[in-house]
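The values are calculated or read from the model by the stated rules, or taken from the named source; none is laboratory data. Owing to the predicted nature of the structure, the values given are computational and were not obtained by experimental measurement. Quick reminder, even Gly has a Cβ in these numbers, built from the backbone with ideal geometry, and neighbours come from all protein chains shown. Surface accessibility is based on the protein's heavy atoms, side chains included, excluding ligands, DNA and RNA. Shrake-Rupley method; radii C 1.70, N 1.55, O 1.52, S 1.80 Å.
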Amino acid sequence: MIRIALTGPSGAGKGYVGKLLAMQGIPVLDTDWLVHNLYAGGTLAWQIGELFGENVLSANGSVDRKKLGAIVFSDKEALLRLNKLVHGAVKKEATQWLSAREKEGCPAAAVDAPQLFEAGMEKDFDPVIAVVADKDVRLHRICKRDGITPEMAYKRMKNQLSEADYSKRADITIYNNGNSDLHLQIEKLIKMIFQPKEEITMEAKDLKKELLYTRKTATEVMTEEQKIGMEAYAKDYMQFLDSAKTEREAVTEGIRRAEEAGFVPYSFGDKIEVGGKYYMNNRGKALYMFRIGTENVENGIRISAAHVDSPRLDLKPNPLFEEGGFGYLKTHYYGGVKKYQWTAIPLALHGVVIKNNGEKVEIVIGEDDNDPIFYISDLLPHLAKDQMSKTLRDAIPGEKLNIMIGSTPYDATPDGTVKLHMMHLINEKYGIVESDFQSAEISVVPAFKSRFVGFDRSMIAGYGHDDRVCAHPAIRALIESDDSVHTCMAILADKEEVGSGGNTGMKSGIFMDIIEEISKALGANNNAVKHNSKCLSADVNAAYDPAFAEVYEKNNTCVLGGGVVLTKYTGSGGKGGTNDASAELIAFVRKSFEGENVLWQTGELGKVDQGGGGTVAVYIAEKNIDVVDLGVPVLSMHAPYECISKSDLYMTYLAFKSFNIH
């Protein structure tokens, strides 16, 4: 038999709810009536007389409530003793009554017990139903029912549990303010009580699935076909990552792939036509690829904007020096780096030198297995007492990030220095002299190759995931967008790590110049084109790291294996310096993922007061273009060796494809 408890504060209308249950065939025991009968004479009345004196009993042996009340309502200890006595008697009688109803074959029975929680009886019932009402409603009911003043009624209410306490401790709460939906609440209650628990569990499970958001993983949603595609895609990406360690190399690799797909070089003034595929190489350090769709371009362009610069060390204009028998190159770190991470790891040189005669010399040393690598030394722990007492920020000063390039002198003469020997070797291989460093762009990057991580090979470690892990999917998705009616564009921008300035960064006017040229060539209103365009600011976000859980707000942090991450806003503190995409754009993007089995998640860059960061989104939004950040979750962002999930990488590629098509 189902044992139901009705409880609640005075004036909430428990009695009326009990009558409604009785009308549904559920017998109800009113414990107020029960106590009244017990006070009329018998064992409980005699015990009360023994405890508080015979003067609280009437001549017929019943309890004189007024006399008893005068004692217990002015003495808390006396009230506690009375309650203990009465609660025990009520519990005994209620248990006997319930047993009798069960023997009669009743499917359910209810006990109306105002003091249910005070008597500790709630554990004997399932479910416990609290009937509550607003205070002013209860006050009016008590005064009318008992013929007492509002002051007296309020005093009585004050000595009871609050409505919130009843609701918190009950299984079900019924609101009885005299409104018309009370009968509907009772009907639902009856259905719930008599519904098999298995059905209730299944109903809640279905409702949870329908109403609540639950994170999913790639393992749960990916098809076998997608898993096969993911493996092939990961290998192609790793080849791209290893061949594009600087923005110049990324642009070169992007152009190679574009030309293989039929894209042709574009210069301002060239003809642009429907169906055409074009790319514009901006000074060798930024790339704009675009394909003209059949749809009216005034409906907007689908833009995917990534950046291809990464944190690194750059050689200073006069880098070469000698100290203590070693040859060095001085560096200036680029972007947000933890300087201590760049010591004691293998390093490579990548870049270009423009000689005085205009000749361009490309340099890559340290990547081939037969190449030497370069190195920044660090102190041994035995002698690092002072260094290790400093903060991580200060332990390695920027001016000590000097790379070792050799240690043997040119010859034994005073002029045959190590510096001369190093310059001689460089001159022999590349034909440059020391002053040519002043017209050079040479970067120091990790000499690591990208590798799979874990026994399951589910992750990829490599240098420059931020943000080439978004650049690669952006250009792949554009190359594969021939079926889209939209005009689509992919951007590989420079200088994001240092504020997106310069004529190759996202703040450069060339972005707007290209859109204006497209508009003009197709006879479109340029302002309408920009206004109706949509952009994915293709950039990474910080993945949840259990080793440093304290800096993340877990509910709003992206996770590895959770899919491509949609980041509504970046910035810091109170969203300072952010774009903050509109709800309408978020809805548009998430809808574009429907039907394509794109696993996606949302993310923030750590806890609100912890720090923050920005992307190119804010600069694109300033051009009157709708934009939102979308990319891959990354562990150890900005480190020389970052880590991502293969599945997140693949989902990002699918997301860009879906965005271009829908």
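Things worth noting here:
- Look at the alpha carbon pairs under 8 Å that are at least 6 residues apart: their mean separation over the length of the stretch 85-207 gives a relative contact order of 25 percent.
- Straight-line reach from Lys507: taking Cα to Cα under 12 Å and skipping same-chain neighbours fewer than 8 places apart, the aspartates and glutamates in range are Asp494, Glu496, Glu622.
- Computed about its Cα centre, the charge dipole of the stretch 38-125 is approximately 60 debye, with only Lys, Arg, Asp and Glu carrying charge at their Cβ.
- Peptides ranked, highest mean first, by Cβ atoms within 10 Å: ranges 110-116, 210-216, 151-157, 390-396: 110-116, 151-157, 390-396, 210-216
- For the chain: rounded, prolate or oblate by the Cα gyration tensor [a/c cutoff 1.5]: prolate
- Extent along the principal axes, Cα only, for the stretch 34-81: 26, 21, 17 Å, with the longest axis given first.
- When the charge dipole of the chain is built from unit charges on Cβ atoms (+1 for Lys and Arg, -1 for Asp and Glu) and taken about the Cα centre, the candidate among Gly53, Leu379, Pro409 whose Cα reaches farthest toward its positive end is Gly53.
- Alpha-carbon centroids, the stretch 383-421 and the stretch 94-162: separation in whole Å: 82
- Per-peptide packing, taken as the mean over residues of other Cβ atoms within 10 Å, places 179-185, 10-16 in the sequence 10-16, 179-185 from highest down.
- Placing unit charges on each Cβ (+1 for Lys and Arg, -1 for Asp and Glu) gives the chain a dipole about its Cα centre, and among Met512, His87, Ala477 the Cα reaching farthest toward its positive end belongs to His87.
- Spin-label pair Asp242-Thr219: with each label point 7 Å from Cα along the Cα-Cβ axis, the two points sit 2.8 nm from one another.
- The stretch 461-538, dipole about Cα centre (Lys/Arg Cβ +1, Asp/Glu Cβ -1), debye to the nearest 20: 180
- Long pairs among Lys14/Lys123; Lys495/Lys568; Lys495/Lys646; Lys205/Lys575; Lys76/Lys123, criterion Cα-Cα beyond 30 Å: Lys205/Lys575
- Centroid-to-centroid, using Cα positions, the stretch 606-631 and the stretch 15-71 are 70 Å apart.
- Heavy atoms of Val498 accessible to a 1.4 Å probe, total area in Å² rounded to 10: 80
- Reference-scaled alpha-carbon Rg (2.2 N^0.38 Å with N residues) for the stretch 222-371: 1.37
- Part-to-part distance (alpha-carbon centres) for the stretch 503-541 and the stretch 342-361, which is given in Å: 33
- The stretch 1-110 pair-distance distribution - Cα-Cα, 5 Å bins, rounded %: 2, 11, 18, 19, 17, 13, 11, 7, 2, 0
- Per-pair calculated FRET efficiency, R0 = 25 Å: Tyr410 and Val361 via Cβ, rounded to 0.05: 0.70
- Once the Cα gyration tensor of the stretch 422-521 is diagonalised, semi-axes √(5λ) in Å: 33, 26, 13
- Counting only residues at least eight positions apart within a chain, or on another chain, the aspartates and glutamates with an alpha carbon under 13 Å from that of Lys554 are Asp545, Glu604.
- Two-decimal Rg/Rh across the stretch 75-164, once Rg and the Kirkwood Rh are taken from alpha-carbon atoms: 1.03
- Shown is the FRET efficiency for Asp368 and Ile345, computed with R0 = 25 Å from the Cβ-Cβ distance and rounded to the nearest 0.05: 0.90.
- Projecting the Cα atoms of Asn296, Leu347, Gly284 onto the dipole axis of the stretch 244-359, where Lys and Arg carry +1 and Asp and Glu carry -1 at the beta carbon, places Leu347 farthest toward the positive end.
- Treating each Cα of the stretch 287-343 as one equal point scatterer and applying the Debye formula with no solvent, the log10 of I(q)/I(0) at q = 0.17, 0.19, 0.24 Å⁻¹ comes out as -0.74, -0.83, -1.05.
- Cα-based Lys proximity count in the stretch 345-456, under 16 Å, for pairs eight or more positions apart or on separate chains: 4
- Within the stretch 524-652, the proportion of Cα pairs with more than 23 Å between them is 32 percent.
- Charged side chains reduced to their Cβ positions (Lys and Arg at +1, Asp and Glu at -1) give the chain a dipole of some 2560 debye around its Cα centre.
- What the phi angles of the stretch 349-359 give under the Karplus curve with 6.51, -1.76 and 1.60, with θ = phi - 60°, is a coupling list of 9, 9, x, 10, 10, 9, 6, 4, 8, x, 5 Hz, glycine and proline written as x.
- Given Lys84/Lys135; Lys67/Lys144; Lys208/Lys623, the pairs whose alpha carbons are separated by over 32 Å: Lys208/Lys623
- Summarising the label geometry, the points placed 7 Å from Cα in the beta-carbon direction at Tyr375 and Val433 lie 3.3 nm from one another.
- If you plug the beta carbon distance of Ile354 and His424 into 1/(1 + (r/R0)^6) with R0 = 22 Å, you get a FRET efficiency near 0.60.
- Semi-axes of the equivalent ellipsoid for the stretch 597-637, Cα gyration tensor, largest first, Å: 21, 17, 9
- Nearby aspartates and glutamates by direct alpha-carbon distance to Lys520 (threshold 12 angstrom, same-chain neighbours under 8 apart not counted): Asp270, Glu273, Glu298
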